[in-house]
1. Each label point is 7 Å from the Cα along the Cα-to-Cβ direction; what then is the distance between the points at E333 and K76, in nm?
2. Based on the inverse mean of 1/r over its pairs of different Cα atoms, what is the Kirkwood hydrodynamic radius of region 267-368, in Å?
3. On a 0 to 90 degree scale, rounded to 10, what angle separates helix 335-357 from the longest Cα axis of the chain?
4. So what is the relative contact order of region 223-329, in percent, for Cα pairs below 8 Å that sit 6 or more residues apart?
5. What do you get for the angle between helix 58-70 and the principal long axis of the chain? Use alpha-carbon atoms, 0 to 90 degrees, nearest ten.
6. State the percentage of accessible surface on region 248-333 attributable to carbon and sulfur atoms; use a 1.4 Å probe and exclude ligands, DNA and RNA.
7. Using the basic label-point model (7 angstrom from Cα toward the beta carbon), what is the A291 to T265 distance in nanometres?
8. So if I place +1 on the C-beta of Lys and Arg and -1 on the C-beta of Asp and Glu, and nothing else carries charge, what would the dipole magnitude of region 114-219 be about its Cα centre? I want it in debye, nearest 20.
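The values are calculated or read from the model by the stated rules, or taken from the named source; none is laboratory data. The structure displayed is predicted, hence computed values, not measured ones. A quick note on method: Cβ atoms are made from the backbone with ideal geometry, for glycine too, and the neighbour counts reach across all protein chains shown. Calculation scope for accessible area: heavy atoms of the full protein, side chains included, ligands and nucleic acids excluded. Shrake-Rupley method; radii C 1.70, N 1.55, O 1.52, S 1.80 Å.
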Amino acid sequence: MKLKLLAGLAILTLLTACGEKAGSTHATQGQAASQDPVKTYNWKLVTSWPKNFPGLGTGPEKFAKLVDEMSAGRLKVKVYGAGQLVPALEVFDAVSRGTAQMGHSGAYYWKGKTPAAQFFTSVPFGLNAQEMHGWIHYGGGMELWQELYAPFNLIPLAGGNTGVQMGGWFNKEINSLEDLKGLKMRIPGLGGEVLERAGGTPVTLPGAELFTALQTGAIDATEWVGPYNDLAFGLYKAAKYYYYPGWHEPGSMLEFMVNKTAFATLPADLQAIVRTASRAVNQDMLDEYTARNNHALIELVEKHSVQLRAYPQDVLLKLRDLSAEVLADVASEDPMSQKVYASFKAYKENVMAYHSLTEQAFLNARSR
Ligand code: CA
């Protein structure tokens, strides 16, 4: 009996030693979690979108699935639609204080917390999706974004891109800048500030409230995303004219945000999985919008008799001038906005010079 116990202890000691050795060997290969192979993490991810809303809402669902598969079930992420755990526009606070470990939203909703956040969704007459991704990941944007969110105990990550959006839904034609005067329009971020300068009244509302607000006349007009998403909300039932292009959001990037304290508790391999899955979803969402938008537009026009309209060229030129004024003013408000704008502006000038010879020249050559 005593011998058996001793033998058992010896085996246990040996196993423990082997386990430690195996763990440290794997750790040097970047698999720190093998030190504790059974440890699992259960995270909550809150979003600003209806559960499973096309693109915006399915993006975080895909993220959760990818993380589950890549981590072999060691990191489980439960995705909540807007209002299920916290309201759409309280995602930032919820993740900051740790109510949820992650969030998925758009940075421009947080301009009241920190004005420079607006630059990390989209800038009127700014960057398209391809250019935005370049600035964020290779042009210094991500480092600035991390610096901006650090005081809130948050880590930002790219969370998808809609591409160039549509200009919005109106119940009257926009033939001159005068037609924007007095217009109450749902248009968040810097685009909203430009509308205000044109004499309109910008409103920020979560997506799920747009249809009712427009139908009841609480707002006169709204922008949302593009045909794929606007069709899903049925906005064509509340407005007749659908304007293009979305000068105010030429390549809107969504965001994942991670509570910094929670992220620090993850072993290195799970941290890498979170980063990699976000990057994959970022590109995947753009691919989905690119493939599906025009089918949805055809349905809007042919089945629902939506009147498609282009913003007149002189209206766009005036809005572009107003945008430049708004950006300069926002940048002068605080040092961080100044710093972000300087980086954004320098990058934009550089990328525009090259893209005028390549992307733009090609699109011009291709068009009929
Ligand atoms: Ca939008």
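1. Label-label distance for E333 and K76, simple model: 4.2 nm.
2. Working: mean 1/r = 0.0546 Å⁻¹.
Hydrodynamic radius (Kirkwood, Cα only) of region 267-368 equals 18.3 Å.
3. That works out to roughly 70 degrees.
4. Result for region 223-329 is 53 percent.
5. Tilt of helix 58-70: around 20 degrees.
6. 52 percent
7. Distance between label points: 3.7 nm.
8. 240 debye
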